[in-house]
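A.B. asks: Structure below; questions to follow.
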Amino acid sequence: MSKILAFTNQKGGVGKTTSTANIGAGLARAGHKVMLVDLDPQTNLTKGLMTGKADKNVYGALLADYKPHAYKVGENLGLLAGSTAISGFEKVKGDELDREYLLKELLEPFREKCAYILLDCPPALGLITLNAYTCADALYIPLEAQLYATDGVEKVIELVGKVQKRMNPGLQVGGIFFTRYDQRKVLRRDTADQLRAKYPGLVLNATIRESIALGEAPHLAQDIFTYAPKSAGATDYQALVEEILAR
Ligand SMILES: Nc1ncnc2c1ncn2[C@@H]1O[C@H](COP(=O)(O)OP(=O)(O)O)[C@@H](O)[C@H]1O
Ligand SMILES: [Mg+2]
């Protein structure tokens, strides 16, 4: 039975997609069967992994237009492609009974085949994110260590509490980790310390440094381990993968 990990933060640009792609690649390299799911209407995960066009995407499958189709994007690595149209999900399914459980149902057939299913959530706490939290085992919250970065965490933790009570009592926060980290900046160091004090045990040791290669790799539809195996980005994501595997 697979573990479903959701990468979430209501803020955009914090590294959700970069982390989903590279942690997924790291887990696949460690020999685990991994499925990635692109739930963001921006479809950056799909664009960064697939060179061709995806005819079947997760939104069409959520609407039951067709069965979910996994594209092979690497050894041990599959992708349920994203769609810009998923932004209409809330409108289309707004008053349907059990609308929070549609993704859980959709992923059911993959749970026997994959060790990990990684969900790249949109930067909003709407119905798509609610679907992700309803089926996830653990949430991972990437954030930029900067002023106000912690506001987003509080909103996520608040929603986790509600989802635990109603839809998914097993939901856990797997961890919070810092991306685009620059140790030289005092402000960022302070934010990290504050967060460690506020959520003891939740802040992971691995931090992802600012690394140009991480921004370049998706343009060639590659993960960081293929594109720049010796880069800070590869070293840091490898450490994060190992920490996630140990939790
Ligand atoms: N550690 C990093 N170093 C340098 N650039 C990064 C890093 N992490 C992410 N980026 C870049 O920052 C932008 C936002 O990252 P992304 O993963 O798309 O965030 P999100 O999915 O949360 O919106 C992207 O252009 C990405 O390439
Ligand atoms: Mg994204």
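A.B. asks: Mean residue ellipticity at 222 nm from the helices of the chain, using -39,500 (n - 2.57) per DSSP H segment of n ≥ 4 over the full residue count, to the nearest 500 deg cm²/dmol? The partial results should precede the final answer.
C.D. replies: Details: 11 runs with 100 residues, N = 247.
-11500 deg cm²/dmol, from helical runs alone.
A.B. asks: Most exposed first by the Cβ proxy, i.e. fewest other Cβ within 10 Å, how do Met35, Met1, Met167 rank?
C.D. replies: Values: Met35 25, Met1 8, Met167 17.
In order of increasing Cβ crowding within 10 Å: Met1, Met167, Met35.
A.B. asks: As a test, work out the antiparallel percent of DSSP beta bridges whose residues both lie in the chain, rounded to the nearest 5.
C.D. replies: On the way: 3 of 29 bridges.
In the chain, DSSP labels about 10 percent of beta bridges as antiparallel.
A.B. asks: For a bin width of 10 Å, list the pair-distance distribution of region 3-246 built from all Cα-Cα distances, rounded to whole %.
C.D. replies: Result returned by the calculation: 8, 34, 38, 18, 2, 0.
A.B. asks: Now, a different point. I'd like the distance separating the alpha-carbon centroids of region 210-247 and region 102-132, in whole Å.
C.D. replies: The distance from the Cα centre of region 210-247 to that of region 102-132 comes to 23 Å.
A.B. asks: Taking every eigenvalue of the Cα gyration tensor of region 121-247, multiplying by 5 and rooting it, what semi-axes result, largest first, whole Å? Please list the in-between numbers first.
C.D. replies: On the way: eigenvalues 135, 71, 37 Å².
Taking √(5λ) for each eigenvalue gives 26, 19, 14 Å, largest first.
A.B. asks: Another question, if that's okay. Taking the Cα centre as origin and putting +1 on Lys and Arg beta-carbons and -1 on Asp and Glu beta-carbons, what dipole magnitude results for region 3-246, to the nearest 20 debye? Don't jump to the answer; show the numbers that get you there.
C.D. replies: On the way: 29 positive and 28 negative charges, 44 e Å.
Around 220 debye, computed over region 3-246.
A.B. asks: Below 14 angstrom from the Cβ of Val156, what's the summed charge of the other residues (Lys, Arg +1; Asp, Glu -1)? Display every interim value, and only then the final one.
C.D. replies: Details: positive: Lys11, Lys16, Lys155, Lys162, Lys198; negative: Asp151, Glu154, Glu158.
Cβ neighbours under 14 Å give a net charge of +2.
A.B. asks: All other residues with a Cβ under 12 Å from the Cβ of Ala25 taken together, and with Lys, Arg as +1 and Asp, Glu as -1, what is their net charge? Each step should come with its number before you reach the end.
C.D. replies: On the way: positive: Arg29; negative: Glu75, Asp223.
After counting each charged neighbour, the total is -1.
A.B. asks: With a cut-off of at most 16 other beta carbons within 10 Å, and DSSP calling the residue loop, which GluC sites (Glu not before Pro) in region 57-112 qualify? Please list them.
C.D. replies: Glu75, Glu96, Glu112
Values quoted throughout were computed directly from the atomic coordinates according to the rules given, and no laboratory measurement underlies them. Just so it is clear, the structure is predicted and the values come from calculations on it, not from any experiment. All Cβ positions, glycine included, derive from the backbone under ideal geometry; neighbour counts span all protein chains shown.
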